[in-house]
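Quick note: the coordinates plus some simple rules give every number you see, no bench work behind them. Only a predicted model underlies this, so the values are computations on that prediction, with no experimental measurement involved. Note: ideal-geometry Cβ built from the backbone for every residue, glycine included; neighbour counts use all protein chains shown.
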C-alpha cells in the first residue's frame, strides 16, 4: 500500500452532485413533515417552514462550498477546523464523527432500511432479529467491499440508488398532481384553505418546527470529506454542493406540497405513516409497497454515502500523525482507503449488533452543531487571513456563514436541553475521553 493516491481524481460534477443529494435525502422526508405539520396553522405555513429550512441549508452549503474550494483536501471538514480554528478542535470533531456519528449512523439508518425491506421480504428478518442482524451485517460488508474496489465504483453505486430515490419522489409528486386534479369538492382541503388553530404562539411553533426541517436538510458536507477525489475541485466542488442542495430543496418542497394536497394539513399531522397513506391514495394498495421499497432504497443509499465518504477523515488524521500512517494508507491500484474502510466496518458492525447506536448518536447531536458553527467561523477566519485577496475561487455571500453561525448558536442549546440526562452524560463522557486521547496521541501538526 501507499500513503498517497496514484491515480487522478475520479469523481466529476455528475457523481459529486448526486453524492451531495444522497448525503441529504435519507428517510427524514418520509417522517418529519408530520412533525412540522403538527406545529403549523396552515399548509402555507408548513411550506414556508420547509422553504426557510431550504434557505438555511443553502447558507450551510454555500459555506462548505467556499471552504471546499479553498482547501480541497482529504478530510474536508476536519481540515477546515484544523487550519482555521485549532488542531485540537479538529481532533475532537474527527473523534466524534468517526467514533460515533458516522459509524453509529450506519447502524441506525441501516435498521430503517432493513425494517422497510423486511416488510416486503420477511425472509430478510427485522432489524431486532438474529436473521435481520445477519442480513444487516452482510450489507455492511458488501457495501464496504464495493467501496474498497475503488472510489468511482462506490460513487456509481451511490448514484444509481440516488436516481431511484429521485424517481420515487417524482412519482409521488406526479401522483399527487394527478389526484388533486380529480378531487371533487368533498376531497381534502387545498393548501390555501387548509387552516387550523394551534396552541402556543406562532413564532414559538415556527422555531420548533424548523428543527426537524433542518435535520432533514442536513448532510451536504459529506462530499467534502473526499474533495481531493473530485476533478478540478476548486471549481467542481462548490458547483456540486450548491446544485445538489438546490435540487434537494426543490424535491422536498414538491413532495411536502404533494403530501398536503393529498391528505391536507391535519391528515399529514395525524399520523407518522402519512407518506404511506399518501402513496396508497395515489396508487392504490401497490402504492404502500412501492413506498416501502423507496424508503428502504433511500436509507440504503445514505448508508453507501457514509461508508464511501467518512473513511477519508481517518486518512487525513493519519497524515497528520494522529493515527499510524498505515491506517490511512491507500491501495496502490484502486486508491481506496482499505484499512480505514475495514476499521469503519468493524465499528459499524459493533454498533449494529449491540443495538445502542441510536442512543449514542442522540447523545452527541448537540456537539455536531457546535462544529457546524465552527465551520462558519473557519470560513470567516480564512477570509480574514487572506488580506492580499489571493483566493480567486468561488466565494459565498457574506450572509451565508453569518446566518449559518447564528443558526448553530441557536440550535445547540435547544438540542442540549432536549437531551435526557443519560444521553447528555454519555455525550459528555465521549468528549472527555477524546480530550484525554488528544494528550496521548497529539498530532504532529499541533
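Return one number: the angle in degrees, 0 to 90 and rounded to the nearest 10, between the long axis of the Cα atoms of helix 311-320 and the longest principal axis of the Cα atoms of the chain. Tilt of helix 311-320: around 30 degrees.
Taking label positions 7 Å along the Cα-Cβ direction at both residue 395 and residue 164, the computed distance is 4.4 nm, reported to one decimal.
Entry note: the range 197-338 has Rg to Rh equal to 1.10, where both radii use alpha-carbon atoms and Rh is the Kirkwood radius. Measuring max minus min along each principal axis, the C-alpha atoms of the range 25-74 give extents of 44, 20, 11 Å (largest first).
Computing FRET efficiency as 1/(1 + (r/R0)^6) for residue 55 and residue 272, where r is the C-beta to C-beta distance and R0 is 30 Å, gives about 0.70. Relative to the dominant Cα principal axis of the chain, helix 151-182 is inclined by about 20°. Between residue 409 and residue 14, the FRET efficiency estimated from the beta carbon spacing at R0 = 30 angstrom works out to 0.25. The rule of thumb for compact globular proteins, 2.2 N^0.38 Å, goes into the C-alpha radius of gyration of the chain 0.97 times. If you take the Cα centroid of the range 12-58 and the Cα centroid of the range 298-318, the two points sit 22 Å apart. Would you mind checking the tilt of helix 274-283 against the longest principal axis of the Cα atoms of the chain, expressed as 0 to 90 degrees and rounded to 10? Between helix and principal axis, roughly 60 degrees.
Classification of the range 40-134 by its C-alpha gyration tensor yields an oblate form. The axis ratio a/c (a ≥ b ≥ c) is 1.5 or more, and b/c is at least a/b. Between residue 177 and residue 388, the modelled label-to-label distance comes to 5.3 nm, taking each label 7 Å out from Cα in the direction of the beta carbon. Site pair residue 119 and residue 232 shows an inter-label distance of 4.4 nm when each label is modelled 7 Å from Cα along Cα→Cβ.
If the segment from residue 196 to residue 239 were pulled out straight at 0.36 nm per residue, it would be longer than the present Cα-Cα gap by 11.4 nm.
Tell me, what is the FRET efficiency for residue 440 and residue 358 to the nearest 0.05, using R0 = 30 angstrom and their Cβ-Cβ distance as r? FRET efficiency, residue 440 to residue 358: 0.55.
Binning all Cα-Cα separations of the range 266-344 at 5 Å, short to long from zero, yields these whole-percent fractions: 3, 14, 15, 13, 9, 7, 7, 7, 9, 9, 5, 1.
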